[in-house]
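These notes are about the structure you will find just below.
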Amino acid sequence: MPELISKESLYKISRLNKNYPRYDEIIKLHKDAIDEKNDIYIDPETGFAVLTAEFLLKRGYCCGSGCRHCPYDEKA
């Protein structure tokens, strides 16, 4: 991984507000995907694939798309 970030820190990376509907479920899905070495999980509301923070960190850069679990600072 390009940067040393603990798994516990990766689990918590999210651009969602804690009041977002199903926030706790989404964070658990994200954690489980990282633990199971999956690069994605399926959003329970939309059915869309969501990239994990671990995958995005391994990719090595921010693409500027506003990914839910982007570990990089937002692009200006």
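The values are calculated or read from the model by the stated rules, or taken from the named source; none is laboratory data. This structure is a prediction, so every number in the text was calculated from the model and none was measured. Glycine gets a Cβ as well: all are built from the backbone with ideal geometry, and neighbour counts include every protein chain shown. Accessible surface areas use protein heavy atoms only, side chains included; no ligands, DNA or RNA. Shrake-Rupley method; radii C 1.70, N 1.55, O 1.52, S 1.80 Å.
For the range 40-55, how many residues are surrounded by 15 or more Cβ atoms within 10 Å (Cβ to Cβ) and either not in a strand (DSSP E or B) or not hydroxyl-bearing (Ser, Thr, Tyr) (or both)? Matching residues across the range 40-55 total 7. In this entry, Cys67 passes the filter for residues that are out of contact with any His (no Cβ under 7 Å at 6 or more places or on another chain) and crowded, with 19+ Cβ neighbours inside 10 Å.
Condition check ((1) more than 11 Å from the chain's Cα centre (by Cα); (2) modelled with pLDDT of 95 or more; (3) charged (D, E, K, R); (4) more than 18 Å from Ile5 (Cβ to Cβ)) across all residues:
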{"position": "Asn19", "(1), (2), (3), (4)": "yes, yes, no, yes"}
{"position": "Ile27", "(1), (2), (3), (4)": "no, yes, no, no"}
{"position": "Ile40", "(1), (2), (3), (4)": "no, yes, no, yes"}
{"position": "Leu51", "(1), (2), (3), (4)": "no, yes, no, no"}
{"position": "Glu54", "(1), (2), (3), (4)": "no, yes, yes, no"}
{"position": "Gly64", "(1), (2), (3), (4)": "yes, no, no, yes"}
{"position": "Cys70", "(1), (2), (3), (4)": "no, yes, no, no"}
{"position": "Asp73", "(1), (2), (3), (4)": "yes, no, yes, no"}
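For beta carbons closer than 6 Å, sequence separation of 6+ or different chains, a first residue in the range 7-29 that is over 16 Å from Pro44 (Cα atoms) and β-branched (Val, Ile, Thr) and a second that is open to solvent by less than 90 Å² (accessible area, probe 1.4 Å) and assigned to a loop (DSSP other than H, G, I, E, B), the qualifying pairs are Ile13/His69; Ile13/Pro71.
For the range 1-20, taking the residues that are out of contact with any helix residue (DSSP H, G or I) (no Cβ under 8 Å at 6 or more places or on another chain) and surrounded by 10 or more Cβ atoms within 10 Å (Cβ to Cβ), the one that is farthest from Cys67 (Cα to Cα) is identified as Ser9.
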